[in-house]
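Enquirer: Questions regarding the structure given below will be posed in turn.
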């Protein structure tokens with residue numbers, strides 16, 4: 001396969017989750033790469049369909065790794081609007097996972113910003 005999907009992992013340290021960010025035009029390749037590197041089983045991304053970007057909560061009971069997979073279908077779609085949108089969804093999922101109700105405070109805003117920076121690093125290949 002010519003362009004293999006690369007998935008980058010980030011650890012927010014203070015939250016019990018990982019953030020995985022990828023730019024992948026091929027959803028099937030993304031599923032294969034994620035299975036090989038992290039989960040050992042295939043993700044069920046059937047409801048994703050074709051879209052510019054998505055965030056997806058991943059709960060891996062076998063490895064006890066939980067986190068959010070954020071993927072952009074191309075660098076073209078890895079722009080401020082989509083990065084902000086997916087970072088907000090990811091932060092909401094993390095706060096839901098830790099059962100934190102307050103999503104409008106400083107901790108939430110910092111988390112959204114940190115996730116957006118992770119996406120930006122992948123976009124600019126500054127890892």
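We did not get these values from a lab; they are worked out from the coordinates using the rules stated. None of the values given here were measured: they were computed from a predicted structure. Methodologically, a virtual Cβ is constructed for each residue, glycine included, from the backbone with ideal geometry; neighbour enumeration extends over all protein chains shown.
Enquirer: From the Cα trace of the stretch 1-52, what convex hull volume per residue do you get, rounded to a whole Å³? List each step's numbers first, then the result.
Expert: Working: hull volume 5.3 nm³, N = 52.
So the per-residue hull volume is 103 Å³.
Enquirer: Rank the residues 69, 60, 27 as a footprinting-exposure proxy: fewest other Cβ atoms within 10 Å of their Cβ go first. The partial results should precede the final answer.
Expert: Values: 69 22, 60 16, 27 19.
Fewest to most other Cβ atoms nearby, the residues stand as 60, 27, 69.
Enquirer: Continuing with the same structure: Calculate how steeply helix 106-124 sits against the longest principal axis of the alpha-carbon atoms of the chain, using the helix alpha-carbon long axis, and give the answer as 0 to 90 degrees to the nearest 10.
Expert: Between the helix axis and the principal axis of the chain, the angle is about 20 degrees.
Enquirer: Over the stretch 1-87, what is the relative contact order in whole percent, taking alpha-carbon pairs under 8 Å and six or more residues apart?
Expert: Values: 126 pairs, mean separation 25.7, N = 87.
Normalised by residue count, the contact order of the stretch 1-87 is 30 percent.
Enquirer: While we're looking at this one, here's another question. Arrange the following residues from fewest to most other Cβ atoms within 10 Å of their Cβ: 29, 93. Spell out each step's value before the answer.
Expert: On the way: 29 15, 93 18.
Result, fewest neighbours first: 29, 93.
Enquirer: Still on this structure: Given the chain reduced to its alpha-carbon atoms as identical point scatterers, what log10 I(q)/I(0) does the Debye formula return at q = 0.11 Å⁻¹?
Expert: Log10 I(q)/I(0), no solvent term: -0.34.
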